[in-house]
1. In the stretch A:115-164, which residues are surrounded by 14 or more Cβ atoms within 10 Å (Cβ to Cβ), within 13 Å of chain B (Cβ to nearest Cβ), aliphatic (A, V, I, L, M) and more than 22 Å from residue A:79 (Cβ to Cβ)?
2. Determine whether the stretch B:158-167 contains at least one residue that is surrounded by fewer than 18 Cβ atoms within 10 Å (Cβ to Cβ), over 23 Å from residue B:102 (Cβ atoms) and not β-branched (Val, Ile, Thr).
3. Taking only pairs six or more apart or across chains, which ones have beta-carbon atoms under 6 Å, a first residue in the stretch B:56-67 that is more than 18 Å from residue B:142 (Cβ to Cβ), and a second residue that is in a strand (DSSP E or B)?
4. Filter the stretch B:87-111 down to residues that are free of Cβ contacts under 8 Å to residues at least 40 places away in the same chain and more than 14 Å from every other protein chain (Cβ to nearest Cβ) and give me whichever is surrounded by the most Cβ atoms within 10 Å (Cβ to Cβ).
5. In the stretch B:168-178, what count of residues is obtained for those that are of a type in the set (D, E, K, R) and buried (at least 19 other Cβ atoms within 10 Å of the Cβ)?
6. Please state which one of B:16, B:79 is surrounded by fewer than 18 Cβ atoms within 10 Å (Cβ to Cβ), among the polar types (S, T, N, Q) and modelled with pLDDT of 95 or more.
7. Out of all the residues in the stretch B:123-131, is one or more surrounded by fewer than 19 Cβ atoms within 10 Å (Cβ to Cβ) and on the phi > 0 side of the Ramachandran plot?
8. Quick one: would you say residue A:96 is facing chain B (nearest Cβ under 8 Å) and surrounded by 19 or more Cβ atoms within 10 Å (Cβ to Cβ)?
Amino acid sequence: MGEVWDKEKQIDPNDAEQFRSEILDFISKYHSSTLSYLLTIRKNGQPVMRPVSTFVEDWTIYTISQHHQIKVQHVKNNPNVGYLFTDNGGPAYMPLGYTKNVWVSGLCEISNNQDEISDFFKRRESVTGQGDAHPHDDSYTRILFKTKLNYLRAEGFAEHARPIVYKSF
Amino acid sequence: MGKTYDSEKEVSNEISEQLKNEIFLFIRNWKKSRAWLMTRRKDSREIMRPVGSFINQDWSVGTITQDLHLKTKHVQNDSITGYLWIEVDKPRYGRLDFPRNVWMQGQAEVLEDEDSVNEFFSKRSAATGRGDAHPQDNTYKRMLINTQPQYLRAEGFFKDEPMRAVIIRDFTEPILLSEEDIANRLNQK
């Protein structure tokens, strides 16, 4: 098919398995060298992205929001979401200067159970040192996004720009 | 709504208008930002991957692809696309310490005719020095994904409150800077 295509085609699914723990580790770095961006779907069906913080446990991605944020409404209307994770400090793996990056899509469930959210903050603090730093007044109601993955595409982990794709978690 | 919400809400139209040139220059500056293209798969779910991109003064954005790439097929099946640009090697903004970033959503078409593709390379080469560096053999068929924007969201640009999003919904007015002005401004950055 040509040299360019050969350097960009998907890794064989069996070979891709060897990268699974490295990729999970990469997206689990709590906002240190890995940055995360959330995609939600607007009422008109068109997607929008913005930076968010994430906490990952065993392929479930958590993000804290507030009740009046527009992204909460988006997810209530359409639970299909996506996250892009980018490496902000590592070496480039291709001439355009790109560093490791992971795209995931999944189904997001919203929790406003404050006991569950409080438990989430405790778990996150024990792993990352980052507890609940949000305002403690009536203006701020914590909402938790919990996303279970159904698709992942990772670049910069295997040779050249060849993506790794996972469909099962 | 509370202090947190106030620090994150959309800026006024007036501020948004003032920041249009800066946002355009940020997207144009391919050495200081990285681009990811979103397309939709056959099952309608979104997917993103890193790409090269070039923004024209009318806000349309071009990305070169090949006929055998999945993203080409995606755009031919579903014209909704999106780009996320993220700045590299610059100071961060806000509580979450992010680099500046721009999301653009639009509608794309795949252009296959050689004249359109060559015109794109000529414009990009004149503006950035990046010509056609793809293989010159029959294994590589150049195609152009050309996106007309419908919605843009930028963070980190309003210096007083950088977490407040700049939203642009109207792209009828092109950027009025000349190519020379653009090159000079980018060289100063």
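The values are calculated or read from the model by the stated rules, or taken from the named source; none is laboratory data. All values reported here derive from a predicted model rather than from experimental measurement. Reconstructed Cβ throughout: ideal geometry from the backbone, glycine too, with neighbour counts over all protein chains shown.
1. Of everything in the stretch A:115-164, those that are surrounded by 14 or more Cβ atoms within 10 Å (Cβ to Cβ), within 13 Å of chain B (Cβ to nearest Cβ), aliphatic (A, V, I, L, M) and more than 22 Å from residue A:79 (Cβ to Cβ) turn out to be A:154, A:161, A:164.
2. Within the stretch B:158-167 (the criterion being surrounded by fewer than 18 Cβ atoms within 10 Å (Cβ to Cβ), over 23 Å from residue B:102 (Cβ atoms) and not β-branched (Val, Ile, Thr)), the answer is no, since none of the residues qualifies.
3. If the second residue must be in a strand (DSSP E or B), the pairs left are B:59/B:149.
4. B:111
5. 0
6. Just one listed residue meets the conditions, B:79.
7. First, the residues of the stretch B:123-131 that are surrounded by fewer than 19 Cβ atoms within 10 Å (Cβ to Cβ): B:123, B:125-131.
Okay, now just the ones that are also on the phi > 0 side of the Ramachandran plot, so B:129.
Yes, that holds for at least one residue.
8. Here the answer is no, as residue A:96 does not meet what is asked.
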